[in-house]
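One structure below.
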Amino acid sequence: MELLIYFNGEFVPKHEARTSIYDHGFLYGDGVFEGIRAYNGRVFRLDEHLDRLYDSAKAIDLKIPLSKEEMKKAIIDTLKRNNLEDAYIRPIVSRGDGDLGLDPRKCPRPNVFIITQEWGAMYGDLYERGLTAVTVGIRRNAPEAMPPNIKSLNYLNNILAKIEANVKGGDEAIMIDTCGNISEGSGDNIFVVKNGRIITPPTLNNLRGVTRAAAIELAIKEGIRVFETNIGLFDIYTADEVFVTGTAAEIAPVTRIDGRLIGDGIPGQVTKKLMAAFRELTMIEGTPIV
Ligand code: AKG
């Protein structure tokens, strides 16, 4: 059976789901989205993802035409309609159909889409071998220009980083902010492990990741000290371990950066412990798909 997409309260077969070319989400990247996952019949940290979606919308002065409870129900219904227990979930709220001209007042009603589909391990066997990451020249959007905490439909900053990583032969890009601090990957947050402690940049210059928060919680539970502080190139090159976190990426080890081996060049003990703890957490926690 063809996958069904939620579109403004209706369920539409995947190949028929489309929006107007005058949707400002398409014309200007004016809209917001989330990446959420369901594991084992439960949606992982659904409330946290919805809080972030509604915060992103608030930040761009976009009124989502569903309450959070209604959105939650729409997500669960979409998963049920598609018979999915393990899935990637992509709610999208665009500014809506308008006209040429960027004024959002041209768009009377936002469009709401929910894509749900099967999704495996994004980095395949790299969870065992470790990712090769490269730092890129394109700077992460400055918070005072385009706050990285708005998960907007305009992902060009991240896409430019990804293009550069592809050219340089990296599995993932590491972005640096306009002050020279490490920011995040193109689609994930970054952590370093040094002398048994975990360090990750504060979330002013990167997305406030839901998996990032879960990794911090799990580390603290394991008795590992976690520091949120700015880090630079030196810190990533000389780290004992580096890992990235994201909804799509989950927790993934990075074993090579800009040609330097990280630690012994194989996934480290702390990273492996957190990967296992995260896998376990996703199996037991979450909003049931009922
Ligand atoms: C996610 O991890 O779910 C993201 O939204 C990152 C962007 C992507 O990989 O689509």
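Every number in this text was worked out from the coordinates using simple rules, so none of it is lab data. All values derive from a computational prediction rather than experimental measurement. Here the Cβ positions follow ideal geometry from the backbone for every residue, glycine too, while neighbour counts run over all protein chains shown.
How large is ³J(HN,Hα), in whole Hz, for each residue of the range 100-112 in order, when computed from phi with the Karplus curve 6.51 cos²θ - 1.76 cosθ + 1.60 and θ = phi - 60°, using x for Gly and Pro?
5, x, 7, 4, x, 5, 6, 10, x, 9, x, 9, 10
With all distinct Cα pairs included, what does the Kirkwood hydrodynamic radius of the range 1-98 come out to in Å, to one decimal, could you say?
14.1 Å
By how many degrees, between 0 and 90 and to the nearest 10, does the Cα long axis of helix 68-81 differ from the longest principal axis of the chain?
90 degrees
For the chain, give the magnitude of the charge dipole about the Cα centre (Cβ charges: +1 Lys/Arg, -1 Asp/Glu; no others), in debye to the nearest 20. Before the final figure, lay out each step's value.
On the way: 35 positive and 40 negative charges, 44 e Å.
About 200 debye.
Using DSSP to define loop residues, name the GluC sites (Glu not before Pro) in the range 1-48 whose beta-carbon has at most 15 other beta-carbon atoms within 10 Å.
Here the sparse-neighbourhood loop sites are GLU2.
Gaussian network model of the chain, Cα springs within a sub-10 Å range: biggest mean-square fluctuation belongs to which of GLY25, GLY223, GLY169?
GLY223
Within the range 1-22, what residues put their amide N at less than 16 Å from the label point 7 Å along the Cα-to-Cβ vector of LYS73?
7-11
Looking at the calculated P(r) for the chain, what percent of the C-alpha pair distances fall above 37 Å?
Working: 5958 of 41905 pairs.
When every Cα pair of the chain is considered, 14 percent fall beyond 37 Å.
Stokes-Einstein at 4 °C, 1.567 mPa s, Kirkwood radius from Cα pairs: D for the range 213-290 in µm² s⁻¹? Each step should come with its number before you reach the end.
Numbers: Rh = 13.8 Å.
Stokes-Einstein gives a translational diffusion coefficient of 94 µm²/s.
Short version: ³J(HN,Hα) in whole Hz for each residue of the range 29-36, in order, from phi by Karplus 6.51 cos²θ - 1.76 cosθ + 1.60 (θ = phi - 60°), x for Gly and Pro, what are they?
Running phi through 6.51 cos²θ - 1.76 cosθ + 1.60 with θ = phi - 60° gives x, 8, x, 9, 8, 9, x, 10 Hz.
Using only alpha carbons, build the gyration tensor for the range 81-140 and give me the equivalent ellipsoid semi-axes, biggest first, whole Å.
Values: eigenvalues 238, 111, 6 Å².
Computed over the range 81-140, the values are 35, 24, 6 Å.
Using modelled backbone amide H atoms (1.01 Å from N, in-plane), which distant-in-sequence or interchain residues come within less than 5 Å of SER183's amide H?
Sorted by chain and number, the residues that satisfy this are MET175, ILE176, ASP177.
Measure nothing fancy, just the Cα-based angle from helix 269-284's long axis to the longest principal axis of the chain, in degrees from 0 to 90, nearest 10.
Taking the Cα atoms of the chain, the angle to 269-284 is about 30 degrees.
What fraction of the Cα pairs in the range 115-184, stated in percent, has a spacing above 20 angstrom? Don't jump to the answer; show the numbers that get you there.
Details: 980 of 2415 pairs.
Summing the P(r) tail past 20 Å for the range 115-184 gives 41 percent.
Which links in LYS168/LYS273; LYS151/LYS194; LYS168/LYS272; LYS63/LYS106; LYS72/LYS151; LYS162/LYS273 stretch past 20 Å when you go from one Cα to the other?
Values: LYS168/LYS273 30 Å; LYS151/LYS194 30 Å; LYS168/LYS272 27 Å; LYS63/LYS106 14 Å; LYS72/LYS151 18 Å; LYS162/LYS273 28 Å.
Where the Cα-Cα span goes over 20 Å, the pairs concerned are LYS168/LYS273; LYS151/LYS194; LYS168/LYS272; LYS162/LYS273.
Using Cα atoms only, what is the angle between the long axis of helix 46-59 and the major principal axis of the chain, expressed in degrees (0 to 90) to the nearest 10?
70 degrees
Rounded to the nearest 20 Debye, what is the dipole magnitude of the range 125-284 about its Cα centre when Lys and Arg each give +1 and Asp and Glu each give -1 at the C-beta?
Working: 17 positive and 19 negative charges, 26 e Å.
Charge dipole of the range 125-284: 120 debye, to the nearest 20.
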